[in-house]
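Just below is one structure, and these are the notes that go with it.
The values are calculated or read from the model by the stated rules, or taken from the named source; none is laboratory data. None of the values given here were measured: they were computed from a predicted structure. No Cβ is skipped: glycine too gets one built from the backbone with ideal geometry, and neighbour counts run over all protein chains shown. For the accessible areas, the whole protein counts, side chains as well, though only heavy atoms, and no ligand, DNA or RNA atoms are used. Shrake-Rupley method; radii C 1.70, N 1.55, O 1.52, S 1.80 Å.
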Amino acid sequence: MTVEADILSGGSADKMEGSDSPSKKGNRGPKPSRTIEQNVLDALVYREIISQADVLAAVDDSRDGPLDLEAVLLDRYRVPKDALGSALSDFYQCPYLPYDERTVIDADLLKTLNLDYLKKNLWLPIARRGSLIDVLTSDPHDLDKGWDVRRTFPGMTIRYAVGLRRDIEQFLHIARGQGTSGSIGAILGELVNEIHLEPTIDPVSGGIDENDSAIVRLTNQVVLEADRLGASDIHIEPYANRKDMVVRLRVDGTCFTYMRIPSAYRRAVVSRIKVMANLDIAERRKPQDGKIRYRLAKDREIELRVATLPTSGHDEDVVLRLLTAKKSMSLEAMEFAPATLQAIQTIAEKPHGIILCVGPTGSGKTTTLHAILKHINTDERKIWTAEDPIEITQDGLRQVQVHPKIDLTFATAMRAFLRADPDVIMIGEMRDKETADIAIEASLTGHLVLSTLHTNSAVETVIRLLDLGCDPFNFADAMLGVLAQRLCKRICIQCKEAYHPTHQEYDELVQGCGAREWEQWGVADATSITLYRGRGCDVCNRTGFKGRVPLHELLIGSEDMKSCIQSKARTVEMLNVAMREGMISLVQDGIRKVLQGVTTYRQVRSVAMK
């Protein structure tokens with residue numbers, strides 16, 4: 001079977017302008033023989049992506065129908081985009097570049113180009129690195145396109161990447177948006193032009209201040225893009241030696257480089273953020289922290305927590321944490337195991353005692369506590385909360401924002417709450433012994449107290465509080481339960497596929513769960529279970545993961561556990577008691593979700609293993 005590779009890249013079965021093959025279907029001569037490595041379609045057949053019969057049918061469909069061969073393969077015969085892209089990459093011996101909404105196209109490269117011309121000819125300059133320009137094209141072997149690229153960028157070194165027609169069109173659609181004055185690409189283009197026009201700019205002091213129009217618009221646009229992509233954090237990292245400043249975003253717990261800003265403007269960008277957060281722009285020697293209230297639209301605003309840290313080269317890193325106003329979730333929506341959900345609902349309805357939710361920063365502790373408060377939030381209960389910051393609001397809750405600078409700390413707020421006749425108190429975090437002692441005392445005097453703590457597991461939380469100096473008898477009497485949790489990446493539902501695990505994967509699951517517990521679950525062998533993974537698609541940016549799923553570990557304050565606390569037993573002893581009484585560990589809960597097809601064991605290990 002022989003089909004010209006330019007059918008795939010050029011977009012139709014008929015020849016494109018500049019092709020040597022005849023244009024009429026009936027005038028096609030004999031086609032030269034190609035090896036598997038040379039022929040894209042044969043490569044797909046060889047890799048068992050599509051059958052030989054379907055390839056021939058797809059070619060006929062593209063000749064006789066309105067769709068090009070690429071669209072027929074992708075839409076009608078369900079050939080994965082990454083598989084087609086990989087075959088093109090092997091054939092053209094250059095990288096395959098799929099569409100990624102996070103890509104920032106260098107607007108300066110598009111100033112002399114007509115986007116309609118680029119769409120017709122299917123090529124696009126993506127980025128410039130010194131004298132090197134990255135160009136995305138549907139056919140790196142097309143001589144006419146090559147001449148056009150070289151005429152457009154004379155004297156530059158061109159590095160090609162191959163892309164699918166629909167991906168290039170999506171990139172061009174982004175380029176139209178980035179061509180507007182408010183886009184990141186256009187703003188960066190302005191900054192690059194200013195560097196070329198102002199060769200005397202001092203890269204250390206900066207040739208532009210924080211109130212410059214381009215800097216203000218760039219900073220605002222970075223925040224907007226981070227919110228659009230669902231980022232939880234923005235990391236701004238300047239470097240010495242005239243290197244570009246890097247902006248990284250954290251999405252679903254993973255950082256990636258989003259853009260680079262010319263080195264000459266690193267001080268101005270940092271100063272602009274400090275002005276927005278009411279920080280001292282002249283102080284670069286010590287860390288500072290602050291907050292920014294940022295309005296995204298008429299009816300929507302977010303809060304940014306800002307932290308600056310001095311780094312090498314007399315620069316400052318800035319980390320902005322995006323806190324969007326969220327509604328409280330229900331306990332049923334938190335994806336608890338049925339036994340864990342029932343136990344939480346039971347202890348949450350107790351009239352007094354203390355419930356702790358523990359885990360690292362960003363693991364969803366506050367969200368879980370608000371779900372518990374929503375479960376018990378009735379007219380009969382008076383509920384006070386002290387938070388920093390207030391991320392979630394609920395009707396019926398009286399919420400207080402703590403301000404350590406004016407001595408309104410968690411401990412101060414707790415004392416005030418106890419004079420305000422509460423039924424339930426929530427403290428954002430137990431940061432010191434004073435707060436912990438007041439919380440335990442309040443729970444022993446007829447109040448239900450909820451709080452968070454930064455520890456690795458439920459049992460370690462008990463040890464941490466005892467190490468702080470809390471009275472073991474009082475804490476044992478007060479403790480209702482400790483809930484440890486993590487957030488684990490969720491398999492993308494759009495590209496999710498089933499497979500049978502290897503014996504090695506099966507053994508890892510058994511070892512992680514524990515042989516006795518695994519046997520109780522009734523899983524016989526590797527052939528009897530089905531696991532899932534994500535292939536990677538446009539929805540998940542080819543990562544195979546989209547969103548996150550919580551993992552839970554609930555330690556209940558039983559009589560045996562209270563005896564262990566009072567005697568200050570070792571961690572291993574407490575853990576054995578908890579497991580004997582039915583506690584499901586973080587790893588075991590993760591493995592349950594692996595077997596349910598929600599996540600993968602590698603992701604569980606990355607967040608739950610010690």
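Here are a few things to note about the model shown:
- Relative contact order, percent, segment 393-484 [alpha-carbon distance under 8 Å, six or more residues apart]: 24
- Solvent-accessible surface of segment 357-493, averaged per residue with a 1.4 angstrom probe and all protein chains in place: 39 square angstrom.
- Sum of side-chain charges, L44 neighbourhood, beta-carbon under 11 Å (Lys, Arg +1; Asp, Glu -1): -3
- Environment charge of K291, counting only residues whose C-beta is closer than 11 Å and scoring Lys/Arg +1, Asp/Glu -1: 0
- Segment 409-483 versus segment 500-517: alpha-carbon centroid distance in Å: 38
- Normalised contact order of segment 217-349, rounded percent, pairs of Cα under 8 Å and 6 or more residues apart: 20
- The fraction of accessible area contributed by carbon and sulfur in segment 279-357 is 53 percent, rounded to a whole number (1.4 Å probe; ligands and nucleic acids excluded).
- The residues of segment 534-588 have, on average, 46 Å² of accessible surface per residue, using a 1.4 Å probe with all protein chains present.
- A Förster radius of 45 Å combined with the Cβ-Cβ distance from F473 to R128 puts the calculated FRET efficiency at roughly 0.05.
- Of the GluC sites (Glu not before Pro) found in segment 229-319, the ones in coil according to DSSP and having at most 15 other Cβ atoms within 10 Å of their Cβ are E283.
- If you count Lys pairs in segment 471-604 whose Cα atoms are under 20 Å apart, skipping same-chain pairs closer than 8 places in sequence, the total is 5.
- Lysine-lysine proximity count for segment 37-165, Cα under 18 Å, sequence distance 8 or more or distinct chains: 4
- Taking every DSSP bridge with both residues inside segment 384-479, close to 10 percent are antiparallel.
- With semi-axes defined as the square roots of five times the eigenvalues of the C-alpha gyration tensor, the equivalent ellipsoid of segment 114-177 measures 18, 13, 11 Å, largest first.
- Tensor-based shape of segment 304-430 (alpha-carbon gyration tensor, a/c under 1.5 rounded, otherwise prolate or oblate): oblate
- Each part gets one Cα centre, and for segment 46-89 versus segment 580-610 those centres are 39 Å apart.
- Simple spin-label estimate for T502 and R63 in nanometres, 7 Å along Cα-Cβ: 4.3
- Shape analysis of segment 341-385 based on the Cα gyration tensor places the equivalent ellipsoid semi-axes at 19, 13, 10 Å, largest first.
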